[in-house]
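Asker: Got a structure for you, questions after.
The values are calculated or read from the model by the stated rules, or taken from the named source; none is laboratory data. Remember, it's a predicted structure, so these values are computed and weren't measured experimentally. Cβ sites come from the backbone with ideal geometry, for glycine too, and all protein chains shown count toward neighbours.
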Amino acid sequence: MKVKIHREGTNILLVLLLILTVVNVSAWMFIRPVAIPWTFSAISGILYLLVINFFRSPRRTFHGSRENVVVSSVDGTVVALEEVFEPEVLKRKVRMLSVFMSVFNVHANWFPVDGEVLMVRHHSGRFLSAYLPKASTDNERSTILIRATNGQEILVRQIAGAVARRIVTYAEPGEEANIEDHLGFIKFGSRVDLYLPLDCEIFVKTGEKTVGGVTVVGRLRDK
């Protein structure tokens, strides 16, 4: 598994490095006792490592049969698994699986199924905590509709949180969806919802950890 820095984080890391360098050089030059500059340097190092961790962009290879497989779109924790009515696109009852990403998780988003992207739509909204149920319908979000290889439609919703202020979506209508490819990125903590058919077999439970592009969360029935 190769790891690199995601392109969404390159500029942020450069600017942050410049700011921390100026702050620490000034502290070492003008502040005494020396324990204070040491403290500044330690905090700066920890902060920078956390941001580097956040913007990691691992390239992942899925092993095993891909037939009817649904994988997690993100690294994180399953916070909801319930039957809901999706009113905006599918307009029917579906099974919603929500995975929350903390600031310690990789924030790249993967396609959950192989297939074709049918629709991409951005919704303006609020920035409530991503843990809240209302975040799925009230928050800033992007919706991606995918037709899986077996013909079933899967909805992916990238949801901004109280801290996350930018959702990036790479998926475009008409392009191929591949579970090893990134569909987007969310900056600084949020969640992704998958809307699956009611007859989809689910393999995870609330509270379990997932790895984007790797963890099999469900299996679709033949249409």
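Asker: Consider segment 52-67. How many of its residues are out of contact with any His (no Cβ under 9 Å at 6 or more places or on another chain) and buried (at least 16 other Cβ atoms within 10 Å of the Cβ)?
Answerer: Counting residues in segment 52-67 that are out of contact with any His (no Cβ under 9 Å at 6 or more places or on another chain) and buried (at least 16 other Cβ atoms within 10 Å of the Cβ) gives 3.
Asker: Looking at this structure, is A80 within 25 Å of K205 (Cβ to Cβ) and either in the same structural domain as T206 (by TED's automatic domain parsing) or buried (at least 16 other Cβ atoms within 10 Å of the Cβ) (or both)?
Answerer: Against the criterion (within 25 Å of K205 (Cβ to Cβ) and either in the same structural domain as T206 (by TED's automatic domain parsing) or buried (at least 16 other Cβ atoms within 10 Å of the Cβ) (or both)), A80 qualifies.
Asker: Determine whether A42 is more than 24 Å from L97 (Cα to Cα) and free of Cβ contacts under 8 Å to residues at least 12 places away in the same chain.
Answerer: yes
Asker: So V70 fits all but one of (1) surrounded by 13 or more Cβ atoms within 10 Å (Cβ to Cβ); (2) under 17 Å from the mean Cα position of the chain (by Cα); (3) aliphatic (A, V, I, L, M); (4) assigned to a helix (DSSP H, G or I); what number is the exception?
Answerer: Against the list (1) surrounded by 13 or more Cβ atoms within 10 Å (Cβ to Cβ); (2) under 17 Å from the mean Cα position of the chain (by Cα); (3) aliphatic (A, V, I, L, M); (4) assigned to a helix (DSSP H, G or I), V70 comes up short only on (4).
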